[in-house]
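The values are calculated or read from the model by the stated rules, or taken from the named source; none is laboratory data. For clarity, every value in this text was computed on a predicted model and none was experimentally measured. Cβ placement follows ideal geometry from the backbone for every residue including glycine, while neighbour counts extend to all protein chains displayed. Accessible surface areas use protein heavy atoms only, side chains included; no ligands, DNA or RNA. Shrake-Rupley method; radii C 1.70, N 1.55, O 1.52, S 1.80 Å.
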Amino acid sequence: KTVAYMSDSFERLRTAVKDEVGGPEQWHYQRTYTNGTKIYRGGAKGIHVKASAIVTATPQQIFEYTSTNNLEQRNAWDTMCNTIQVVESEGTKTILKTKFTSPTRLVAQREFVYMRDSRTDEDGTIYMSSIAFVDGEDADIPPISKKTVRGGLPLCGWELKPIMVDDRICTQCTYCTSAELNGRIPNWVASIGAEDQVKSVSRFVDLFRND
């Protein structure tokens, strides 16, 4: 079922990227960072955010970071991720386990087991989507740690759309995610996680600013 849902996940990702305020994802505009990154919050529980900005790098340059299995590269845009484990990889599809630091010892670290895939449109736009396994299909995949809580990931992905800025190929970079944290977790802890995720695009803006 998870493999079948992957195709649907790309359609949801495309819709979520283009979705305006008040649409299916219930995005509502939050603010714009000083580097031009626009931030939105969605209507789902847990972490449900979208961020978008122009990055002075090609889609492929950014994709090297978003598709990496190297923790140091991942931390360039996702600072709370502390573990990446590849379970299986075939073609463009990869099954991963990732673990995230909790801001307090009173709350267990969250881990996610998910399938990641990518597609490229004729115009060079790269879509990368990740979804958690459904209906317990990940039950035979052992946890990274016995102390972690496994979360859900109904939506997570990137649209990396090439655009020309001053005769240079840049990227309209959009990141959307909806993560179910599961278990008991205070709202302030979920807010810290959401704030970290929503800064992903902003970190790319700053990373490539001086290149």
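Some points to look at:
- Share of carbon and sulfur in the accessible heavy-atom surface of the chain [1.4 Å probe, %]: 49 percent
- Only helices enter the 222 nm calculation for the chain: every DSSP H run of n ≥ 4 contributes -39,500 (n - 2.57), and dividing by all residues gives -7000 deg cm²/dmol, rounded to 500.
- Degrees separating the helix 187-198 axis from the principal Cα axis of the chain, which is the longest one: 40 degrees
- Across region 103-159, Cα-Cα pairs more than 17 Å apart make up 51 percent of the total.
- Anchor K50: lysines whose Cα lies under 24 Å away (excluding residues fewer than 8 positions away in-chain): K18, K38, K93, K97, K99, K161, K199
- Whether region 1-69 is rounded, prolate or oblate, judged on the alpha carbon gyration tensor where a/c under 1.5 counts as rounded: oblate
- nm² value of the averaged projected area, convex hull over the Cα atoms of the chain: 11.9 nm²
- Per residue, region 115-175 exposes an accessible area of 49 Å² to a 1.4 Å probe, with every protein chain left in place.
- Calculated FRET efficiency for the pair W188/A76, C-beta based, R₀ 30 Å, to 0.05: 0.70
- Note: relative contact order over the chain, using C-alpha pairs below 8 Å and six or more positions apart, is 26 percent.
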